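Single-structure report; data block below.
The values are calculated or read from the model by the stated rules, or taken from the named source; none is laboratory data. Here the structure is a predicted model, which means the values were calculated and not measured. For neighbour counting, all protein chains shown are included, and Cβ atoms are generated from backbone atoms with ideal geometry for every residue, glycine included. When the accessible area is computed, the model is the full protein with side chains, heavy atoms only, and any ligands, DNA or RNA have been set aside. Shrake-Rupley method; radii C 1.70, N 1.55, O 1.52, S 1.80 Å.
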Amino acid sequence: MMKVNLTGKKWYPWLVVGLLWIVALLNYMDRQMLSTMQEAMKADIVELRKAEAFGALMAVFLWVYAVLSPFAGMVADKVSRKWLIVGSLVVWSAVTFIMGYASTFRQLYVLRALMGISEALYIPSALSLIADWHEGKSRSLAVGVHMTGLYVGQAFGGFGAFLAAALSWRMTFHWFGLVGVLYGLILILLLRENPSRERVKEPGDSQKIKGESIFKGLGVVLGTWAFWVILIYFAVPSLPGWATKNWLPTLFRDNLGISPERAGIISTLTIASASFAGVILGGRLSDSWVKKNLRGRVYTGAIGLGLTIPALILLGLGHSMAPLIGAGLLFGVGYGMFDANNMPILCQFISSRYRATAYGIMNMTGVAMGAIVTTLLGRWKDGGVSLGVSFATLGLIVIVALILQLVFLRPKTDNME
C-alpha cells in the first residue's frame, strides 16, 4: 500500500490539532461525566451518598494522574508521542467501558485510578507535539483550539446525568468508552510525529540525544529558575480550575435548587462555552501581541487570570440564575485565556527537547492541587461550609499567582531552542 506523505502538506499542522481536538474531547468527557452522574449512581453504589466519598473518588484520579505526569512527560521527550497518545486513548476508553460493569465503590475506585494512569500520558505528549508543529505566529492559537476540545468534552460530560436518566449510567459508560477505542484506529492511520524530532544541528547530536538518561530533562527543567515561577503560576489557578470541574454542578444544584440533570448541563455548558471563546480570544491576542512585545503571552495570560478573580467571588455569593451564569461565563473566558498560553509561555523558557517533561511536572503540581481542593471541598461541605464560601475564598488565592507572573516572567525569546 502506498504511503501518503501527509507531513509535507501545509495544512497538516492544523490536521494534527483537529485529530487531537477529538482526543481532548474524549479525555475530558470520560473523566467529567462521573461528576454529573453521581445522583444516578447512588442507587446502586450507596457509598456515593456521602460527599466525602464522592470527593475521594474524584481525587484518586487526580492523585494518580499527578504522580504519573512527570514520568509521562519524560517518556514523551524520548519516544514517539504518536504512540503514547494512541495508547493512552485506547486504555482510558477501555477503562471507561469497564466502569459500566462496576458494582461496588472499591471497583469504581480502582478503575478511576487506572484511568488516571492512562490519561496522564496524553496532555504532555499532545501539547509538546502541537507546539512543535506550530512555531511562532500560530502557536497560542493552535494550543487554544486544542484546549477547546477539553471544554467541549467537559460540556458533553455534563450530559452524563441526562443520559444516565434516559439510558442508565452503565450504558453511558459503555457507549463513551467504545467510541474512544474506535477513534484510536483513526489516529493510527493519520497522526504523525513531527519531523523536527529527528532533526539535529551538528553531527553526533542525534546519538548524544538518544543516549541521554530519561532523567536528564528533569534536571535541566528544575535547574531553570523561571520554570519555578511558571510552576506556581500554573498550580495556583488549578485550585479553582478543578473545583469548577468537579463541584460546580453541585454548587448550581444547591444554590439554585434545581435537579441534578439541569445543574450538570447548565454549569458545564456555561463554563465550556465561555472557555471555548476564551482560548480563541487568548490565542489570537497572544500570537499578535508577542510580535510587538515578547511579554505579550505573559500579559494575555495575566488578563485571563485577572478575570477569574471576580468571577469566583460572584460564584460564591450568587444565589440566582443570572449572577451564577454570568460568573460562570466570566470565569470560563478568563480561564480559557490563561489556559491557551501556558504551553506557549513555557516554550519561551524551556527547550523543545524538554517541554513534555516540563509540562508533565506542571501537570503533576496542578492536578495535585486539584486533588487537594476536591477532597477538601467535600469535607468542608459535609462539615457545614457552603461551596459558595469555598469558591469565593479560592478567588482571593489566585491573586498570588497573578502577581508572581507579572513581576518575574520576562522572556528573551519566543521559542527557546
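Return the residue satisfying two criteria in turn: it lies in the stretch 31-45 and is in contact (Cβ under 8 Å) with a residue 12 or more places away in the chain and over 16 Å from Thr268 (Cβ atoms), and of such residues it is surrounded by the most Cβ atoms within 10 Å (Cβ to Cβ). Of everything passing the filter in the stretch 31-45, Met41 is surrounded by the most Cβ atoms within 10 Å (Cβ to Cβ).
One residue is enough: does the stretch 377-385 have a residue meeting the conditions open to solvent by 10 Å² or more (accessible area, probe 1.4 Å) and within 30 Å of His134 (Cβ to Cβ)? Checking the stretch 377-385: not a single residue is open to solvent by 10 Å² or more (accessible area, probe 1.4 Å) and within 30 Å of His134 (Cβ to Cβ). For the stretch 361-393, a tally of residues being more than 25 Å from Pro70 (Cβ to Cβ) and in a helix (DSSP H, G or I) returns 13. Selection of the stretch 386-404 for residues being among the aliphatic types (A, V, I, L, M) and open to solvent by 60 Å² or more (accessible area, probe 1.4 Å) yields Val389, Leu396, Ile397, Ile399, Val400, Ile403.
Among residues of the stretch 219-236 that are closer than 13 Å to Ile361 by Cβ, those with a Cβ under 7 angstrom from a residue that is open to solvent by 20 Å² or more (accessible area, probe 1.4 Å) and not in a helix (DSSP H, G or I), sequence gap 6+ or separate chain, pair up as Thr224/Phe349; Phe227/Phe349; Ile230/Phe349.
Taking the listed residues Ile271, Ile258, Ile280, Ile265, the one that is in contact (Cβ under 8 Å) with a residue 60 or more places away in the chain and over 16 Å from Leu150 (Cβ atoms) is Ile265, with no other qualifying.
Looking across Gly55, Gly73, one residue alone is within 21 Å of Met369 (Cβ to Cβ), at pLDDT 85 or above and surrounded by 20 or more Cβ atoms within 10 Å (Cβ to Cβ). It is Gly73. In this structure, Leu48 does not satisfy being out of contact with any Gly (no Cβ under 6 Å at 6 or more places or on another chain), open to solvent by less than 30 Å² (accessible area, probe 1.4 Å) and within 23 Å of Thr148 (Cβ to Cβ). Figure legend. Inter-residue proximity from the stretch 300-314: first residues at positive phi, second residues open to solvent by 50 Å² or more (accessible area, probe 1.4 Å), beta-carbon distance below 7 Å, spacing 6+ or different chains. No pairs are indicated.
Checked against (1) surrounded by fewer than 21 Cβ atoms within 10 Å (Cβ to Cβ); (2) part of a helix (DSSP H, G or I); (3) of a type outside the set (A, V, I, L, M, F, W, C), Tyr101 meets all criteria but (2). One residue stands out among those in the stretch 184-229 that are part of a loop (DSSP other than H, G, I, E, B) and modelled with pLDDT of 80 or more: the one that is surrounded by the fewest Cβ atoms within 10 Å (Cβ to Cβ), which is Gly223. Number of residues in the stretch 256-268 that are open to solvent by 30 Å² or more (accessible area, probe 1.4 Å), at pLDDT 80 or above and either among the acidic types (Asp, Glu) or part of a helix (DSSP H, G or I) (or both) equals 3.
Would you mind stating whether Asn341 is open to solvent by less than 60 Å² (accessible area, probe 1.4 Å), in contact with a helix residue (DSSP H, G or I) (Cβ under 7 Å, 6 or more places away or on another chain) and at pLDDT 90 or above? In short, yes. For the stretch 80-98, does any single residue satisfy the condition of being of a type outside the set (A, V, I, L, M), open to solvent by less than 20 Å² (accessible area, probe 1.4 Å), in contact with a helix residue (DSSP H, G or I) (Cβ under 7 Å, 6 or more places away or on another chain) and under 24 Å from Ser196 (Cβ atoms)? Within the stretch 80-98 (the criterion being of a type outside the set (A, V, I, L, M), open to solvent by less than 20 Å² (accessible area, probe 1.4 Å), in contact with a helix residue (DSSP H, G or I) (Cβ under 7 Å, 6 or more places away or on another chain) and under 24 Å from Ser196 (Cβ atoms)), the answer is yes, since at least one residue qualifies. Note on the stretch 287-299: residues that are closer than 21 Å to Val398 by Cα and open to solvent by less than 50 Å² (accessible area, probe 1.4 Å) total 4. If you go through the stretch 405-417 and keep only what is modelled with pLDDT of 90 or more, in a loop (DSSP other than H, G, I, E, B) and open to solvent by 10 Å² or more (accessible area, probe 1.4 Å), you end up with Arg410, Pro411, Lys412, Thr413.
The residue list Ala302, Ala272, Ala277, Ala243 contains one member that is open to solvent by 30 Å² or more (accessible area, probe 1.4 Å) and among the aliphatic types (A, V, I, L, M), which is Ala277.
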